Every structure is written in structure tokens, then in C-alpha cells.
Amino acid sequence: MDLDGLTTAHVTDGCLRVGVPVRCGPAGLLPLVAGAAFAGPAAPALHLGSVDRLLEAIEAAEPGDVLVVDNAGRLDEACLGDLLVLEAATAGLVGVVVWGLHRDTADLLRIGLPLLSLGALPTGPLPQHDHDAHDVVRVGEWPVAAGDLVVGDDDGVVLVPAADAAAVLTAARGIRDTERAQADRITAGTSLREQVRFADYLARRAQDPTWTFRQHLRAVGGEIEV
């Protein structure tokens, strides 16, 4: 999916704009390489100590999908490495999100497929796994279904239910365009304070301490983003 300048921040703001709950991966979920943004439908997989589940998810995936691996956030084992990521890359997947750890970092860097995880550990899957665990793939507290929109970049990962993705992306693109215009005006010499009429807000708040900045923004123009 072509992000065309959309970031995870735009997507989360788009969720708020259309009333969709914001579902971000935990703050510790970070990219292996900075600057490698990606977006696509989720190809979810529970790990449960066996790589066959990951291979099954890749088998069912379409080019352009994102492999989302749930290993329950475990920090005592790495649940995938170079071979699984290379398999995903050759199948045409555009990214990997791991709710857990990875290994084979040097090889993953050579493969170049964008990956977010909780970090690296040399130890592969350990034998003690509960094979009767839940059937719902999660990233942190959030469930992920096949086809849900997954967007990842340097700030982390955002998950959007498939049914809401089109509306959220439309709102996110509008926010992106408004912010770009605001940035252009700042560069051209009109400060953000001038654009949002911040002095007017301070004067109104001095008279009415209950007057909020959000109310002010709505009053001066809903197109303003801050």
C-alpha cells in the first residue's frame, strides 16, 4: 500500500476524527531499521512455539500483506528469525510486526523487510508453551483479524479494523494535507500561533477560564490541525 506521506500519527488522528478507537501497539514495539514505513492488510499468526503457524499465515497471505505474529509479548525467547522473514519477503509481504522478540538481526538487516518487535534475543523458541492458548491474535491488548489495516513506521504500529480502514485513511489524508499547508505557512513566515489566532484564545481564556483551546479551534475553523 502506498502511504504517500501518511504516518502512524496521521492514522491515529484519522481514527479520532471519525470516532474509531485508537489501537496502537505498545510503546516498546519499535522498528529494526529507522525510516522503513509500511502499510497493508494483516496476515495474523499465533506463534505458540511452532513455526508452522507462521508458515501457514504466509501461505494464506497475499502480496502486500503484513505478517503479524503474536507471541504474547514474551521476552524469554525469539519467535522468528532470518528464514521466516526471508520467506515472508519472497512471498511479497511488505512488513512484519512481532508481539515478541526476533533474532538473526544481522541477516534481517540484509534481507531488508521492515520489521517491528520488542527487541532481539539469541534464544529461539523454548519448549514450554501452552498449546491450548487463545485463538485470537493480539498485539498488546488489541485483537488483529485477517485483513485489518496495519501501519508501521518509526513511531510504532497502528491497527485499524478492516471495516473502518477506508474512512480512517480518508480522514488521515485530509489531516496530512492540512498539516503540510500549515508547515508551508510557518516556513513562509506565518507562525502557528498566528494561524490558530492564539492571542485571541489567551484573551478569551482570561475572561472565561472555562474556555478550552479545543473550543477555540472549533470556533476559528475546523480545518486547523495542531
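Quick notes
- Among 174, 152, 112 the positive-end extreme of the charge dipole of the chain (Cβ point charges): 174
- Amide hydrogen neighbours beyond the local backbone of residue 137, cut-off 5 Å, H modeled: 144
- Rg over Rh [alpha-carbon atoms, Kirkwood Rh] for segment 169-220: 1.08
- Cut-off 11 Å between beta-carbons: net charge of the residues surrounding residue 212, Lys and Arg +1, Asp and Glu -1: +3
- Segment 111-200: GluC sites (Glu not before Pro) in DSSP coil with no more than 14 other Cβ atoms inside 10 Å: 141
- For segment 1-132, fraction of C-alpha pairs farther apart than 27 Å, in %: 18
- Nearest-ten-degree value, helix 198-207 long axis tilted from longest Cα axis of the chain: 70
- Counting every other Cβ atom within 10 Å of each residue's Cβ, 117, 191, 50 order from fewest to most as 191, 50, 117.
- With respect to the chain, whose longest principal axis is taken over its alpha-carbon atoms, helix 8-18 is tilted by about 60°.
- Overall size of the chain from C-alpha positions, given as principal axis extents largest first: 66, 34, 31 Å.
- Under the criterion of Cα pairs below 8 Å and six or more residues apart, the relative contact order for segment 1-89 equals 25 percent.
- Cα-based shape type of segment 51-121, given that a ≥ b ≥ c are square roots of the gyration tensor eigenvalues and the cut on a/c is 1.5: oblate
- Length gained when the stretch residue 203-residue 120 is fully extended (0.36 nm per residue, less Cα-Cα span): 24.7 nm
All of the numbers you see were taken from the coordinates with simple rules; none came from a lab. These numbers were taken from a predicted model, which means no experiment stands behind them. Cβ: placed from backbone, ideal geometry, glycine included. Neighbour counts: every protein chain shown.
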